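K.L.:
Following this message is one structure expressed as structure tokens.
The values are calculated or read from the model by the stated rules, or taken from the named source; none is laboratory data. All figures in this text were calculated on a predicted structure; none of them were measured in a lab. A quick note on method: Cβ atoms are made from the backbone with ideal geometry, for glycine too, and the neighbour counts reach across all protein chains shown.
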Amino acid sequence: MEPFVRRALLYGGGTVLLLALVYGGFVYRADPDLGTLLSSIDVQLRLAAAMPATDRDGRPLAAREQLLQQADGHLVTARHLAPQSPIVAEFEGFLCNQRGDHRAAAAHYRRARTLPGCTPELRDTLIFNEARMLAAAGDAAAALAVFDANSSALQPVYQDQCRIESASLLHRVGRDTEAMQRLAPVLRSDRPMAWFGAGRVYAELGRVDEADTALERAAATVPIADYDRARLKLAGGDVDSALRLLERAHRAAPAEVGRLLREDATVWQGLATDARFVRLTAPASATPGR
């Protein structure tokens, strides 16, 4: 029981008690602590990120918009409680990202890196987030500049991913020779995810042999790499190998491959009548009810 209510009971003032109850139940709202606010914001933004931005008619999805508005309101309070918090600034970037304002998101991520209490782990995450938002805004050169300015400060575990994303950006600005040089150390890594990432960028560069080699090397540990290999084989006219690899990827990760097939529908449209492909894309039969 709140102290004010306890005092009213002790003094026995009926009117005072009534006012206290009304105030406690209908007027007063204790400010949530920062941790509670940040947890709420995190949940709201992650839920929004998992939803499509629009409905089937192209209108903003109402449930998603409500989540973003709630997160925005909580961020106002969090910013008041902790104006120098890098976590609050990071969430501001996340909110801008969900609203499609990628440049504003990048600016929030950049600011978050300068704030007290930004740990090395968070700093590295923010570097990647800033670069990715600039790339999403169509400014590959600015995104590349972020990586180039900060790559030496990244923790070793993130160096390969930095090289992979930098190589993709170099390709986007027409600097393919440098992109190849940036990828070379990644193939000496002992991390299968690094080989997978390198293989995908080699594919962007049109280096089919290098892409297939890196993806094949990754596939034993990262089965979805077979999907990318299947795309390479299909582009090269080897339909049988493409379907074999696609079937293997589907067995290992059916949900993920199904999503990719939907996203890449135009890539696979030439196989729309192929029996093996039809079996892969057919909806699963429902289990009969009793």
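K.L.:
Check whether at least one residue in the stretch 222-229 is at pLDDT 95 or above, out of contact with any Phe, Trp or Tyr (no Cβ under 8 Å at 6 or more places or on another chain), of a type in the set (Asp, Glu) and surrounded by fewer than 21 Cβ atoms within 10 Å (Cβ to Cβ), and report yes or no.
P.N.:
no
K.L.:
Moving on. Can you find, within the stretch 75-85, the residue that is nearest to THR119 (Cα to Cα) among those that are of a type outside the set (Gly, Ala, Ser) and surrounded by fewer than 21 Cβ atoms within 10 Å (Cβ to Cβ)?
P.N.:
Out of the qualifying residues, it is GLN84.
K.L.:
Please determine whether any residue of the stretch 47-57 is surrounded by fewer than 11 Cβ atoms within 10 Å (Cβ to Cβ), modelled with pLDDT of 90 or more, under 21 Å from GLU263 (Cα atoms) and within 22 Å of the chain's Cα centre (by Cα).
P.N.:
For the stretch 47-57, residues surrounded by fewer than 11 Cβ atoms within 10 Å (Cβ to Cβ), modelled with pLDDT of 90 or more, under 21 Å from GLU263 (Cα atoms) and within 22 Å of the chain's Cα centre (by Cα): present.
K.L.:
Could you please find all residues in the stretch 142-159 being part of a helix (DSSP H, G or I) and surrounded by fewer than 13 Cβ atoms within 10 Å (Cβ to Cβ)?
P.N.:
Residues satisfying the conditions are ALA149, SER152, ALA153, PRO156, VAL157.
K.L.:
Residue check, PRO86 against (1) within 15 Å of the chain's Cα centre (by Cα); (2) closer than 28 Å to PRO156 by Cβ, all met but one. Which one?
P.N.:
Result: PRO86 passes all but (1).
K.L.:
Scan the stretch 170-181 and give yes if some residue there is in contact with a Cys (Cβ under 8 Å, 6 or more places away or on another chain) and either within 19 Å of VAL201 (Cβ to Cβ) or loosely packed, with under 15 Cβ neighbours inside 10 Å (or both), otherwise no.
P.N.:
For the stretch 170-181, residues in contact with a Cys (Cβ under 8 Å, 6 or more places away or on another chain) and either within 19 Å of VAL201 (Cβ to Cβ) or loosely packed, with under 15 Cβ neighbours inside 10 Å (or both): absent.
K.L.:
Could you please let me know if ARG79 is more than 20 Å from the chain's Cα centre (by Cα) and either of a type in the set (Gly, Ala, Ser) or farther than 27 Å from GLU263 by Cα (or both)?
P.N.:
yes
K.L.:
In the stretch 40-79, how many residues are in a helix (DSSP H, G or I) and touching a residue at least 12 places away in the same chain (Cβ under 8 Å)?
P.N.:
20
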